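Novice: Below you will find the structure I want to go over with you.
The values are calculated or read from the model by the stated rules, or taken from the named source; none is laboratory data. Computed from a predicted structure; not experimentally measured. Cβ: placed from backbone, ideal geometry, glycine included. Neighbour counts: every protein chain shown. Calculation scope for accessible area: heavy atoms of the full protein, side chains included, ligands and nucleic acids excluded. Shrake-Rupley method; radii C 1.70, N 1.55, O 1.52, S 1.80 Å.
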Amino acid sequence: MVLRASAGKTLTRAPLSIIAANTVIPEASRTNATSGNPDLKPQLATQFDVTGEWYFRRGSLFSVGAFFKRLKDTTVAQVTTVPFGSLGLPDTALAPYLWDPALGRPNPNLPISLSTYFNSGKRYIRGIELAYQQAFNFLPQPFDGLGTMLSYTRV
């Protein structure tokens with residue numbers, strides 16, 4: 001039998017691609033844009049975990065664990081629809097087949113799905129984990145290397 005417990009605090013910064021203060025259309029052939037937010041705060045987390053493990057034979061175990069996490073300032077995406085002209089991007093940001101033939105350039109009112117990012121409030125995550133691993137070393141060769149693993153997590 002083994003009992004494990006841990007507690008910790010972490011600070012996780014959002015990826016640079018969503019912190020950068022620019023608006024881009026990553027794929028010119030699609031009408032999706034992203035806009036970074038340089039004011040994003042890092043995510044702070046306080047975490048507690050406890051797990052009990054029972055090794056009932058070589059290569060086999062049963063474990064039960066519980067966890068609790070308190071998150072603050074998690075980065076969340078928000079998608080809104082805006083006209084292309086409001087993005088301030090050059091016409092070349094869109095593939096030519098998306099251009100309005102009558103205008104010879106993208107229609108400024110072309111709807112674009114814009115993903116922006118913000119910090120959410122506090123979130124709490126708690127759950128349990130169950131795991132079972134059984135080595136079938138009681139089987140005759142060549143099957144004695146087989147086994148099974150099962151796991152269940154409820155959040």
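Novice: In nm, what is the difference between 0.36 nm times the number of residues separating residue 9 and residue 124 and their Cα-Cα distance? Please list the in-between numbers first.
Specialist: Values: separation 115, 0.36 × 115 = 41.40 nm, distance 1.41 nm.
Result: 40.0 nm gained on full extension.
Novice: How high is the relative contact order of the chain, in percent, with contacts defined as C-alpha pairs under 8 Å that are six or more residues apart? All intermediate terms of the calculation are to be shown ahead of the outcome.
Specialist: Numbers: 346 pairs, mean separation 37.6, N = 155.
Relative contact order comes out at 24 percent.
Novice: Additional query: Per Stokes-Einstein, at 25 °C and 0.890 mPa s, what whole-number D in µm² s⁻¹ belongs to region 28-109, with the Kirkwood radius over Cα pairs as the hydrodynamic radius? Before the final figure, lay out the partial values.
Specialist: Values: Rh = 18.2 Å.
Reported coefficient: 135 µm²/s.
Novice: Using modelled amide H (1.01 Å from N, peptide plane; none on Pro or chain starts), what sits under 5 Å from the amide H of residue 105, excluding residues fewer than 5 places away?
Specialist: Residues meeting the criterion, in which the H sits 1.01 Å from N, are 100.
Novice: Tell me the mean residue ellipticity at 222 nm calculated for the chain from its helices only (DSSP H runs of n ≥ 4, each -39500 (n - 2.57), averaged over every residue, nearest 500). Mind dumping the intermediate values first?
Specialist: Values: 1 runs with 4 residues, N = 155.
Computed ellipticity for the chain at 222 nm equals -500 deg cm²/dmol.
Novice: Tell me, what is the percent relative contact order of region 1-83, built from C-alpha pairs under 8 Å that lie six or more residues apart?
Specialist: Values: 136 pairs, mean separation 26.0, N = 83.
31 percent.
Novice: Of the heavy-atom accessible surface of the chain (probe 1.4 angstrom), what whole percent is carbon and sulfur? Mind showing how you got there, number by number?
Specialist: Numbers: 6040 of 10390 Å².
Here carbon and sulfur together make up 58 percent of the probe-accessible area.
Novice: Then there is this: Return the Rg/Rh value of region 1-48, two decimal places, where both radii are evaluated on C-alpha atoms and Rh is the Kirkwood radius. Before the final figure, lay out the partial values.
Specialist: Details: Rg = 18.0 Å, Rh = 13.7 Å.
Across region 1-48, the Cα-based Rg/Rh ratio is 1.31.
Novice: Could you name the aspartates and glutamates whose alpha carbon sits less than 16 Å from that of residue 69, not counting residues in the same chain fewer than 8 places away?
Specialist: Answer for residue 69, where 16 Å is the Cα cut-off: 49, 129, listed by chain and number.
Novice: For the chain, modelled as a Gaussian network with Cα springs under 10 Å, which listed residue fluctuates most, 63, 35, 115?
Specialist: Ranking 63, 35, 115 by mean-square fluctuation puts 63 first.
Novice: With θ set to phi - 60°, apply the Karplus curve 6.51 cos²θ - 1.76 cosθ + 1.60 along region 73-89 and write out the HN-Hα couplings as whole Hz, x wherever there is a Gly or Pro.
Specialist: 6, 5, 6, 10, 8, 10, 10, 10, 9, 10, x, 3, x, 7, 7, x, 9
Novice: About its Cα centre, how strong a charge dipole does region 26-155 have in debye, to the nearest 20, once Lys and Arg get +1 and Asp and Glu get -1 at the Cβ?
Specialist: 500
Novice: Give me P(r) over the chain, computed from all C-alpha to C-alpha distances, binned every 10 Å, as integer percentages.
Specialist: Per 10 Å bin, starting at 0, the Cα pair percentages come out as 10, 23, 18, 16, 16, 12, 5, 1.
Novice: Still on this structure: With just the Cα atoms of region 86-155, tell me how far they stretch along each of the three principal axes, in Å, largest first.
Specialist: For region 86-155, the Cα spread along each principal axis is 76, 40, 14 Å.
Novice: Still on this model: With unit charges on the beta carbon (Lys/Arg positive, Asp/Glu negative), name the residue among 65, 84, 42 whose Cα is farthest towards the positive pole of the charge dipole of region 1-93.
Specialist: It is 65, whose Cα lies furthest towards the positive end.
Novice: Hey, what's region 101-155 come to in accessible area per residue, 1.4 Å probe, Å²?
Specialist: Result: 75 Å² of accessible area for each residue.
Novice: Using a 10 angstrom cutoff on alpha carbons, build the Gaussian network for the chain and name the most mobile of 39, 100, 73.
Specialist: Sorting by GNM fluctuation, first place goes to 100.
Novice: Still on this model: Which cross-chain or sequence-distant (5 or more) residues have an amide H under 5 Å from the amide H of residue 20, H modelled 1.01 Å from N in plane?
Specialist: It is 37, by chain and number.
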